Amino acid sequence: MDYVRQQDVSCLTFRFNGRLTFRDSAAFEAVTGEIAASSVPWIRFDLSGLEYLDSYGIGLFALARDAAEQAGARLELVNVKGPVADVLYRISFDCIVSTPQIGDLRISTMRRTGAEARVALAGNFRVTDQERFLPIIQSAISDDFSRLIIDLGQLTFIDSIGISLIMTAADEARKVGKEVMLGNPQGSVRDLLRLTAVDTVVQVV
């Protein structure tokens with residue numbers, strides 16, 4: 001097994017190649033060590049180049065999941081296919097570690113640093129996601145912090161309802177003396193925030 005590591009402001013990605021077995025235990029310790037030391041909300045294992053995974057390799061993924069949770073991040077497996085997908089789905093590993101479909105909205109674990117809370121969104125934010133988004137934001141607003149940052153660094157699409165929900169969250173926060181900020185918007189999401197002038201109402205950082 002070998003891997004390529006890539007990191008941006010909101011996601012640490014490991015792209016694995018070859019076969020992951022008990023022989024890779026020592027090499028995988030470097031991966032879990034980096035996860036434990038990371039400060040990003042998303043850890044992503046890209047399995048597009050992984051050809052084989054034995055039971056020990058599955059255990060290594062579980063250890064990585066635990067390391068991510070302890071670091072306040074969420075681990076997800078992407079580009080899962082072929083024999084590796086067959087093994088993971090046969091044992092319902094997707095119930096333990098997220099294996100999102102392309103475009104699904106994912107919401108990270110809430111992270112706290114002093115008086116600041118941060119939640120990250122990834123994928124596509126559509127009208128059908130409001131029932132998942134609102135309870136998390138309402139819970140965050142009711143907590144004892146002064147600032148909530150919604151990290152959009154891994155969000156690839158947002159529709160008008162998503163924009164409206166973010167504005168609603170900001171309004172609700174202001175009513176109780178708290179502040180909502182939007183972090184790291186990229187590409188078309190950043191452009192839409194500018195086009196709709198959301199960035200003049202909600203601070204973008």
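The table below lists the values:
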| read-out | value |
| --- | --- |
| Every residue from region 182-191 that is touching a residue at least 24 places away in the same chain (Cβ under 8 Å), of a type outside the set (S, T, N, Q) and out of contact with any Asp or Glu (no Cβ under 9 Å at 6 or more places or on another chain) | Gly187, Val189 |
| Answer residue from region 140-177, given it is under 22 Å from the mean Cα position of the chain (by Cα) and among the charged types (D, E, K, R) and is nearest to Gln130 (Cα to Cα) among those | Asp159 |
| The listed residue being surrounded by fewer than 21 Cβ atoms within 10 Å (Cβ to Cβ), part of a strand (DSSP E or B) and not hydroxyl-bearing (Ser, Thr, Tyr), out of Gly33, Gly59, Gly72, Gly49 | Gly49 |
| Some residue of region 77-86 being hydrophobic (A, V, I, L, M, F, W, C), crowded, with 20+ Cβ neighbours inside 10 Å, touching a Phe, Trp or Tyr at 6+ places or on another chain (Cβ under 7 Å) and in a strand (DSSP E or B) | yes |
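All of the numbers you see were taken from the coordinates with simple rules; none came from a lab. None of the values given here were measured: they were computed from a predicted structure. With ideal geometry, Cβ positions are generated from the backbone for all residues, glycine too; neighbour counts draw on all protein chains shown.
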